Every structure is written in structure tokens, then in C-alpha cells.
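For reference, the structure is listed below as C-alpha cells.
Just so it is clear, none of the values below were taken in a lab; they were calculated from the coordinates. Quick caveat: nothing in here was measured; it's all calculated off a predicted structure. Every residue, glycine as well, gets a Cβ built from its backbone with ideal geometry; the counts of neighbours run over all protein chains shown.
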Amino acid sequence: MELLLLLVENRDRLVTREEITERLWKGEVYVDTEHGINTAIRKIRAVLRDDPEKPRFLQTVTGMGYRFVARVEVEGPLTVQAPVEAPLEQTPNAQATWLTAKNRLWLAGGLSVVALGAVALLLAGPRLFHRGQTAIGSIAVLPLDNLSGDPNQDYFAAGMTDELITMLARDSTLRVTSRTSVMQYKSVHRPLKEIAKALNVDAIVEGSVERTGDHVHVTLQLIRADTDTHLWADSYDRNNNDTSTLPDEAARAIAERLNHAAAGVARVRSINPEAHDDYLRGQYLWMVGRNEEAGQYFQKAVEIQPDYAAGWAGLSEYLDLKAMSGEGKTLELLTEAEAAANRAVELDDSLVLGHICVSAAVLFGHWDTAKALKELDRAIELDPQNSQALHLKAKILCAMDRFDDANAVQAKSTAANAFVHPGARAEIFNCTRQFGSAIQDAQLRLRDFPTSGDVLGELAESYHWTGHDKEAVESLARMFASEGKPELSEAARAAFEKGGYRAVVQSELIYFERIARTTGFSPVELSRFHAMLGDKNEAIRLLQVAADAHAPLLVFRLNDPAYDALHNDPRFRAVAQRVGLPYEGKPTATN
């Protein structure tokens with residue numbers, strides 16, 4: 001509307017694109033004015049039904065600007081500017097039109113429609129400023145640079161990154177790439193277009209954090225990847241006592257700029273600065289694998305502020321992992337993890353991680369698949385692209401023999417994030433006995449993750465169950481090498497040369513039995529080796545030991561193809577019933 005008024009006020013005079021930019025976007029640095037002008041002109045022509053080849057209203061002067069060429073009758077005290085150049089000659093392509101009273105009414109109506117169109121244009125934001133380009137529907141936040149000059153502040157920059165990602169997923173309807181996926185680009189200076197293509201996103205947020213003394217300075221900018229166009233930028237200055245709400249504020253600004261703001265989301269309330277700092281330290285330590293230290297900081301965070309939902313979720317996640325690793329009394333740890341997760345959800349039902357933690361706690365602590373799925377559905381409702389929730393759901397569905405559902409959910413998880421767990425889809429294909437599909441997917445992932453033990457392990461499984469034992473052992477050896485166990489890699493190849501695949505399994509069993517005597521290696525894992533060797537009695541005995549000890553991962557391991565030959569054994573079925581899983585017999589392969 002503003003552009004149409006500018007052109008009418010300066011009718012019969014060429015209005016340059018520079019004048020338009022000055023009038024419409026003066027001082028707005030990060031606006032794509034070229035696309036903005038083109039789009040606005042196109043919308044005006046659409047409403048006025050004006051043909052650019054035979055213009056009755058707007059004439060384009062290529063490379064310079066536009067003229068409003070229709071005659072205008074002025075009513076009221078409008079000051080008319082004198083034309084600064086000769087009127088256009090009457091040509092078939094530019095006929096001046098007198099506006100009769102009827103035409104003025106029509107134009108007034110048209111201007112009203114243009115005004116509505118202009119409102120829609122403003123609401124749509126920069127997505128409509130790109131002719132021939134798709135709307136922005138996905139985004140990634142690159143790790144924020146720590147400009148503090150102090151590497152001890154890396155945790156704070158990482159924490160701000162993580163919270164901004166979390167808030168974008170919460171406050172917007174955008175597909176937001178997970179933190180784990182973007183961490184590979186920390187301090188990596190590659191073209192944004194290339195990074196966006198690898199992450200499969202339309203836009204990138206990048207920026208920096210500077211924390212000195214009691215002052216925090218954060219700068220952020222939003223960039224459309226395919227055109228490298230700046231869409232938005234802002235900076236935030238806070239003191240240390242007022243940083244907890246900053247990521248939420250920035251996420252809302254980005255979501256609104258892209259017309260992707262989620263409806264009905266409550267604002268994040270301020271958190272005690274000391275509790276917030278401890279939580280950020282815990283998150284940083286958790287992501288780098290220093291789990292015990294992370295747990296200590298999560299514990300400190302909730303002690304300082306008992307109503308800190310994210311702190312309770314972090315603590316629950318730590319306790320779950322500790323229970324699964326066999327580092328303490330399993331059921332006691334799982335009970336504590338469940339209590340912490342429930343506390344997180346009570347404090348903030350919109351906290352995705354809280355619902356994931358409740359799901360994990362009831363699944364591993366009670367083997368309650370129904371409630372676990374209910375909590376995951378709530379997490380996915382809050383964040384449909386959360387690969388962690390989707391993958392856990394796929395694993396539960398597979399354990400319940402819902403194979404088609406499991407594959408469908410895992411496909412969504414992998415599409416949302418293939419970086420955190422690149423072997424995840426092959427894992428579910430193996431679980432659903434689609435070994436050929438598992439091989440195809442694993443081989444595809446190896447192109448991007450050639451040393452991933454996650455992918456190589458699944459590939460070894462699928463090769464074995466399709467009778468390609470030589471390829472299976474080679475994948476297994478590569479997996480051991482990638483995990484820093486060259487002795488196991490060499491032992492696997494040597495065993496295969498001497499006695500085939502069975503000898504490889506025997507050598508693994510001997511190795512892990514030795515570890516189990518000192519570290520409490522799970523009886524579930526040892527049982528699997530016995531099952532593969534055909535030792536049914538020992539395999540089932542170890543499963544019974546695992547059930548008595550309430551081994552958390554038993555709920556997933558019973559679906560391993562190694563146990564297919566045991567499904568009709570009443571002792572195996574008794575263990576399955578304790579876990580609450582159906583076992584009616586499964587095919588050995590579907591493709």
C-alpha cells in the first residue's frame with residue numbers, strides 16, 4: 001500500500017528503486033529490498049489486473065524504476081507535485097486512462113484490496129520476498145562463538161546455543177535441527193549454503209556470545225541459505241542475573257520474523273542465575289560425555305532452585321543412564337529418575353525432554369510400554385521433529401512386534417536428524433527382520449559416516465543374518481577399530497580365518513565374559529552370544545538372571561534375531577511375559 005501511494009503521489013514521474021527503498025525500508029539493514037520491491041509491484045498489478053506488457057497503471061523502466069501512468073483526479077487538499085519530466089507519449093503499450101467517478105470507486109476498492117494484500121505481505125514476512133523460492137520451513141542454529149577470550153566460558157556459549165534450539169522448537173512451527181547435528185560445525189568456517197544443504201534446512205542462525213564480568217553480549221543473525229540473504233539480526237545485552245529468558249526472547253523474534261510463531265506458548269520465566277549457570281555447565285559436561293560431573297551440576301541446580309524444570313529433566317536423564325550402565329542399584333536409580341522426570345513435567349508440561357525422561361523411566365523401571373508410548377506421543381506433539389523421542393518410540397514399537405509402525409516412525413526420526421544416531425534406521429530394519437533394507441541403508445550412511453561404529457555394527461548384523469559372514473566380520477572388525485579396540489579387530493579377522501563366523505562369536509564371548517567378571521557386563525549381552533552359538537539353556541538362564549536383576553535394556557534385547565529360535569520355548573516366553581512383550585514367533589527375514 002505504501003508503495004502504491006508513493007507511485008500515485010509521483011504520477012507520471014519515474015520513481016527510482018532507490019527512492020522506493022528509502023521510503024519503505026529506511027534504516028532497515030537486513031531487508032532484501034530487491035525481492036521486496038518486485039513482490040510488492042507484482043501484488044499491486046495482480047489486484048489492479050494490470051498487464052506489465054500493456055500497462056494501464058504501472059510502467060516498468062527496466063533497471064531504473066516505475067511510473068504510475070494512469071490519469072488521476074484529485075479530490076481534497078492533496079498537494080500535487082509538479083512532474084519533473086515530460087509526460088509519456090500515448091502509445092498502444094501505455095495508454096493514459098481518465099478515472100471517471102465509477103473508476104475512482106473501483107480503484108478505491110482496489111486500493112482496499114491492495115491494503116489487505118499488503119497486510120498479508122507483511123505478515124508473511126521474508127518468505128514472500130523471494131520470487132520462485134520456497135518458503136522457509138526449517139532452520140539450524142550453528143554453535144555460537146565464544147568471544148569472551150576465555151575458554152572456560154565455552155560451556156556458556158554452548159548452553160546458549162542449546163537453549164536457543166530448544167526455545168525455537170518450542171516457540172515456532174519450524175523444523176529445528178538438533179544440537180547434536182550442528183555441533184560438527186563448531187568453529188568450522190564453511191559456506192553457509194553448504195552447511196544448510198548438509199543439514200537439509202532453509203535458513204541458518206549464527207552468532208556469538210561474549211561474557212565478561214557481570215555483562216553478557218549476544219549477537220544473532222538469521223540468513224536464508226540458498227541466497228545467502230540476511231533476513232534478521234539483533235543483539236542482546238544482559239547482566240549475569242538476567243540471561244535465562246534471553247533464548248526465549250530471541251526464538252520468538254525469529255519465529256515471528258518467519259511467520260512461524262507457535263500459538264499459545266507461555267513465556268519462559270526467569271531462573272535463579274546460579275541455578276541456570278549450574279544447569280548450563282551440566283549440559284555441557286553431559287554432551288562431552290563427562291556424565292558423573294554433569295549429574296553433580298544438575299543436582300546443584302535443583303537444590304538451588306527446586307522448581308527448575310529443566311534441571312530436574314537433566315538429573316533424570318543422568319540417573320537413567322547410570323542405571324543402564326550398571327553403576328549402582330538399578331531399581332533405586334530408576335525410581336529416582338522417574339521421580340525427577342515427573343517433577344520436571346509437573347513444573348513445565350511443555351518441556352519435551354521432561355516427557356522423554358518420564359517415558360524412559362517407566363519403560364526401564366516398570367517395563368510399561370503403554371505409558372512410555374503415551375509420554376513419547378506428548379513429547380512428539382510438542383516437537384514433531386524430535387529425533388530422540390521418535391527413535392525411542394520406534395524401538396518400543398519394534399519390541400511390541402508393531403513392525404510397520406516402527407519403520408514408519410524411524411523414517412521420520414532419521415529424516416529429522418541422521419547425525420545423532422546414523423545407524424538408527426538400519427537398527428530398526430534389523431529389528432523388523434528387513435535385513436536387505438538394513439544393508440542398503442547402512443551402506444548409504446557409510447558414505448557420510450565411514451568410521452561410525454554405530455553404522456558398522458548394524459551392517460555386521462544384517463550381513464550375518466543374510467548369510468554374508470565374510471562381509472559381516474569385516475564390518476565387525478572395522479567397528480572395533482573405530483572404537484579404539486584394534487586387538488579385537490585383529491582377533492575377529494583371525495578367528496574367522498580359522499573357524500568361520502562361529503569362531504568369531506566364541507572369541508567375543510570369551511572377551512566379554514572376562515570383562516563381566518570385573519565390571520558387571522550385562523547378562524543380557526552374554527546371553528545373546530550363547531543364543532548365537534546354539535546354547536539355548538545358557539542363553540535362557542542368563543535372560544532369567546537379567547530379568548531377576550531388572551536389567552533395563554531387556555525390554556529391547558528380547559527382540560534380537562538371535563533369539564528367534566527360542567520363541568517357542570516356555571522358559572523364554574515366561575521371561576517375555578515378565579517384560580510384558582508379545583512373542584508369537586517372527587519371520588527370519590522379509591527381504
Worksheet item: If you take the square roots of the eigenvalues of the alpha-carbon gyration tensor of the range 296-378 and sort them as a ≥ b ≥ c, do you get rounded (a/c under 1.5), prolate (a/b over b/c) or oblate?
Response: oblate
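Taking 0.36 nm per residue of separation and subtracting the Cα-Cα distance, what length does fully extending Thr180 through Lys329 add?
Details: separation 149, 0.36 × 149 = 53.64 nm, distance 2.99 nm.
Answer, rounded to one decimal: 50.6 nm.
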Response to the item:
Listing Met400, Met64, Met532 by rising number of other beta-carbon atoms within 10 angstrom, fewest first, gives Met64, Met400, Met532
Worksheet item: Are there trypsin sites (Lys or Arg not before Pro) in the range 141-179 that DSSP puts in a loop and that have at most 16 other Cβ atoms within 10 Å, and which ones?
Response: none
Practice prompt. Restrict the search to the range 215-299; then list the GluC sites (Glu not before Pro) that DSSP places in a loop and that have at most 10 other Cβ atoms within 10 Å of their Cβ.
Written response: none
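Work out the length of the dipole vector of the chain about its Cα centre, built from +1 on the beta-carbon of each Lys and Arg and -1 on the beta-carbon of each Asp and Glu, and round it to the nearest 20 debye.
Working: 64 positive and 82 negative charges, 351 e Å.
Roughly 1680 debye, rounded to the nearest 20.
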Worksheet entry | Distance histogram in 5 Å bins (all Cα pairs of the range 435-479, percent per bin) | 6, 30, 36, 24, 5, 0
Fill in: Potential lengthening between Asp548 and Lys371 on full extension [0.36 nm per residue; Cα-Cα distance subtracted]
61.5 nm
Fill in: Cα centroid of the range 291-328 to Cα centroid of the range 144-190, whole Å
21 Å
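Report the full-extension gain for the segment Ser270 to Arg541: residue separation times 0.36 nm, less the Cα-Cα distance, to one decimal in nm. Working shown, then result.
Values: separation 271, 0.36 × 271 = 97.56 nm, distance 5.32 nm.
Once the chain is fully extended between Ser270 and Arg541, it gains 92.2 nm.
Nearest 500 deg cm²/dmol is fine: what mean residue ellipticity at 222 nm does the chain get from its DSSP H runs of n ≥ 4 alone, each adding -39,500 (n - 2.57), divided by its residue count?
Details: 25 runs with 338 residues, N = 591.
-18500 deg cm²/dmol, from helical runs alone.
Report, in debye and to the nearest 20, how large the dipole of the range 144-201 comes out about its Cα centre when Lys and Arg carry +1 and Asp and Glu carry -1 on their Cβ. Please report the intermediate quantities before stating the final value.
Working: 7 positive and 7 negative charges, 80 e Å.
That gives a dipole near 380 debye.
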Worksheet, complete the sentence: With the dipole of the chain defined by +1 on each Lys or Arg Cβ and -1 on each Asp or Glu Cβ, the option from Tyr318, Val205, Gly282 whose Cα lies farthest towards the positive pole is Val205
Fill in: Those lysines that a straight Cα-Cα span of less than 23 Å connects to Lys393, excepting residues fewer than 8 apart in one chain
Lys322, Lys371, Lys374, Lys412, Lys586
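Please work out the FRET efficiency for the pair Arg42 and Glu471, using the Cβ-Cβ distance as r and a Förster radius of 45 Å; give the result to the nearest 0.05. Let's see the in-between values first.
On the way: r = 57 Å, r/R0 = 1.27.
Result of the calculation: an efficiency of 0.20.
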Response to the item:
Taking a crude spin-label model, label points 7 Å out from Cα along the C-beta direction, the Glu249 to Ser187 distance in nm is 2.9 nm
Item to complete: Work out from phi, with θ = phi - 60° and the Karplus expression 6.51 cos²θ - 1.76 cosθ + 1.60, the ³J(HN,Hα) of each residue of the range 230-238, listed in order in whole Hz, and give x for Gly and Pro.
Response: 6, 9, 6, 7, 7, 10, 10, 10, 9
Discussion item. Taking a ≥ b ≥ c as the square roots of the Cα gyration tensor eigenvalues, with a/c under 1.5 meaning rounded and otherwise prolate when a/b beats b/c, else oblate, which class fits the range 510-565?
Written reply: oblate
Item to complete: Would you calculate the separation in nanometres between label points at Asp237 and Ala574, each defined as 7 Å from the Cα along the Cα-to-beta-carbon direction?
Response: 7.3 nm
Fill in: For the range 194-264 and the range 482-498, distance of Cα centres in Å
47 Å
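Based on the alpha-carbon gyration tensor of the chain, what equivalent-ellipsoid semi-axes (square roots of 5 times the eigenvalues) come out, in whole Å, largest first?
Numbers: eigenvalues 720, 154, 93 Å².
Over the Cα atoms of the chain, the semi-axes work out to 60, 28, 22 Å.
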Worksheet item: What is the range 138-266 by shape, rounded, prolate or oblate, if you read a ≥ b ≥ c off the alpha carbon gyration tensor as root eigenvalues and call it rounded for a/c under 1.5, prolate for a/b larger than b/c, and oblate otherwise?
Response: oblate
Worksheet item: So for Trp312, Trp25, fewest C-beta neighbours within 10 Å to most, what's the order?
Response: Trp25, Trp312
Item to complete: Can you tell me which of 183-193, 46-56, 200-210 comes out highest on packing, and rank the rest after it, using the mean Cβ neighbours within 10 Å?
Response: 200-210, 46-56, 183-193
Practice prompt. Sort by residue number and name the cysteines in the chain that have no neighbouring cysteine Cβ under 4.7 Å.
Written response: Cys357
Practice prompt. Please give the helix 435-448 orientation as an angle from the longest Cα principal axis of the chain, in degrees from 0 to 90, rounded to the nearest 10.
Written response: 60 degrees
